[in-house]
Amino acid sequence: MDRQEFIKQIEKQPFSVLGELVYQYIAHDIIEVHLAPGSKINTTKIAQELNISRTPIRTALDRLVGDGLVEQVGAKGFKVCPVDWKDCIALYDARKVLEGNAAYIAANTATTEHHEKLRYSIQLIKKNQELGDDLAVFEADNLFHETVVEASGNDYIISLYRSLKPWIRRYQRILVLIKNHQTSTDPHLAAKHLVIYRAIKNRYSMVAKNEMSDHVNHIYRVLFDRGLVGNERLNGRERK
Amino acid sequence: MNKNGNGHAPENQSAAGLNDQVYQYILDQIIKLGIEPGQRINTTKVAANLGVSRTPIRSAMDRLCEEGFVESVSDRGYRVIPIAMSDCFNLCDARKILEGGAAYMAANNIGAKDLEILEHSIVDAKLCLKNNEYDAFAEYDTIFHETLFNAANNRYLKIMHDRMKIKIDRYRYFISFYCRSTAAEDTRHALEKHSCIFRALKNRYSSVAQNEMEEHIAYTYRTLFNLGWFINSQRNSKENLSDLDELMEK
């Protein structure tokens, strides 16, 4: 949600809880890396930008601290949680656990529609990699992983995956911003997805699980290659 | 916009506070089985009991509907969603994945301090079992599982686990309420598994820790099936029998 959207929402439903809207506004800025990791949050500036008092901003920030997107500095200050490669590895460790097992279940439960959706997402990756559109490749990448999780048919697993989504997106955006290489994405992404897709379609649960875990593991290497791991200057970069 | 923004913020916040309290109250009732699965909720009565208007009740009900605790049955009526076999399976699977993964990571990361806490929780729990205090046992059970999660040292696993906490709690109360007859045996079994997992962690056998944790969780929910709760239950026999039919067909 950007500033225009925020004002539109306020005009549309003037009685909605302001704290919720402000929360979404700031969370969006952090996830899309408009606010750089590790940078201080200027509440006065946000209050001016949105033309509101500082109370709802404070409520929103408290909630964001609970979410782990924002850190408190001193009594009154706040800063965006910095990113480092250890935190990134923790995220991918968690993904490996969840998605490997989701793939195992999905191989038993996926329907024809799920198969179709998986195939479609792989085509999207290929197309956008040719076009060189990194953000669109990541979108398609996420569509694939989301579909595998969805295909498990387990509402708990689906909800758990959803709670990781903001962080997945945030790291992807950072990768695109760093842009040390011609492309921020893995050139073999579509090929690996195809392997997982075939395992799920053939109902080889163990193969699907292994390939998915291996795939998430491989992302480490890509992150290393693309300069996310061991990059000291990650924090403090801001999108103009 | 300025006027709206400034004028309504404090009012909205206090309204949000009341909504939150009412929500917590009803949720607590559902989890601790003050309102049983399948039972209807009389919103007028709840409003009168709490001395609040129907608006915060309405907002609490909307939230509970969204979270899958209640469903609206008729125009203004609500009922607590019965506990279904498929939901129980799903929760069990999700817990096995998360806590199994956490046990695996903990085996590699755990420090002396966390090992000590785990050991203490087992020793104290043994005393509870000796004195037949099953409710107190639940506390040490929580300490064991939480310590293990901290030892895994992965904040994303923790974020996910926190998201499931309420549902896990609901089943915990549910099992202790309906499975009293086997409580002694179940508790003894759980305790044995805890010490088994502890030994695996101490020796840093990650795969063993993961396997035993998965076993431990599966056993917890198996009790409900052993007692035939899903088949005998009068309250939601229809849903569960159809679930069972599906299962048999597979």
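Using just the Cα positions, wrap segment B:85-249 in a convex hull and report its mean projected area in square nanometres, one decimal place.
Taking a quarter of the hull surface, the average projection is 9.7 nm².
Given a cut-off of 32 Å, what percent of all Cα-Cα pairs of the protein assembly as shown lie beyond it?
Looking at the protein assembly as shown, the distances longer than 32 Å represent 51 percent of pairs.
Working from the pairwise distances between different alpha carbons, so that the mean of 1/r is found and then inverted, what is segment B:50-119's Kirkwood radius in Å?
Evaluated on segment B:50-119, it is 16.0 Å.
Determine the shielding of peptide A:46-53 by partner chains: average, over its residues, the number of Cβ atoms on other chains within 10 angstrom of each Cβ.
If you average over the peptide's residues, the count of other-chain Cβ atoms is 3.
Per residue of B:151-164, what is the mean number of Cβ atoms on other protein chains within 10 angstrom of that residue's Cβ?
Average per residue, whole number: 6.
One-quarter of the Cα convex hull surface for segment B:144-212, in nm²?
For segment B:144-212, the mean projected area of the Cα convex hull comes to 5.2 nm².
Using helices alone, I'd like the mean residue ellipticity at 222 nm for the protein assembly as shown: each DSSP H run of four-plus residues gives -39500 (n - 2.57), total over residue count, nearest 500.
Estimated from H runs of four or more residues: -25000 deg cm²/dmol.
Given H placed on each backbone N at 1.01 Å, which residues far from A:Phe78 in sequence or on other chains put an amide H within less than 5 Å of it?
Here the answer is A:Ile41, A:Val73, since their amide H atoms fall under 5 Å of that of A:Phe78.
For chain A, taking Cα atoms only, what is the radius of gyration to one decimal and the Dmax to the nearest whole Å?
Reported Rg and Dmax, both Å: 19.5, 57.
I need the shape label for segment A:3-80. Rule: rounded when a/c is under 1.5, else prolate if a/b > b/c, else oblate, with a, b, c from the alpha carbon gyration tensor.
Prolate is the answer for segment A:3-80, as a/c is 1.5 or above and a/b outweighs b/c.
Summarise the partner chain shielding of A:146-159 as one whole number: the mean count of Cβ atoms from other chains within 10 Å of each residue's Cβ.
The shielding value for this peptide is 4.
What order do you get for A:96-103, B:159-166 when each peptide is scored by the mean count of other beta carbon atoms within 10 Å, highest first?
A:96-103, B:159-166
If R0 is 30 Å, what FRET efficiency do you get for A:Trp85 and A:Gln9 from their C-beta distance, rounded to 0.05?
Computed FRET efficiency for A:Trp85 and A:Gln9 comes out at 0.25.
Quick one: in segment A:62-147, what % of C-alpha pairs are over 22 Å apart?
The calculated P(r) of segment A:62-147 puts 52 percent of pairs beyond 22 Å.
Compute the signed sum of charges (Lys and Arg +1, Asp and Glu -1) over the other residues within less than 14 Å, Cβ to Cβ, of A:Asn202.
+4
How compact and how long is segment A:85-225, expressed as Rg and Dmax of its alpha-carbon atoms in Å?
Final numbers for Rg and Dmax: 14.1, 40 Å.
Would you pull out the residues with amide H under 5 Å of B:Val70's amide H, same chain only if 5 or more places away, H placed 1.01 Å from N?
Long-range HN contacts for B:Val70: B:Cys65, B:Ile81.
Take the Cα coordinates of segment A:130-195, assign each an equal point scatterer, and use the Debye formula without solvent to give log10 I(q)/I(0) at q = 0.18, 0.19, 0.27 Å⁻¹.
-0.75, -0.81, -1.22
Over 22 Å between C-alpha atoms is what I'm after, so list which of A:Lys165/B:Lys193; B:Lys32/B:Lys167; A:Lys165/B:Lys32 land there.
A:Lys165/B:Lys193; A:Lys165/B:Lys32
Laboratory data are not the source of any read-out in this text; all were calculated from the coordinates shown. Note that the structure is predicted; figures quoted are calculated from it, not measured. Every residue, glycine as well, gets a Cβ built from its backbone with ideal geometry; the counts of neighbours run over all protein chains shown.
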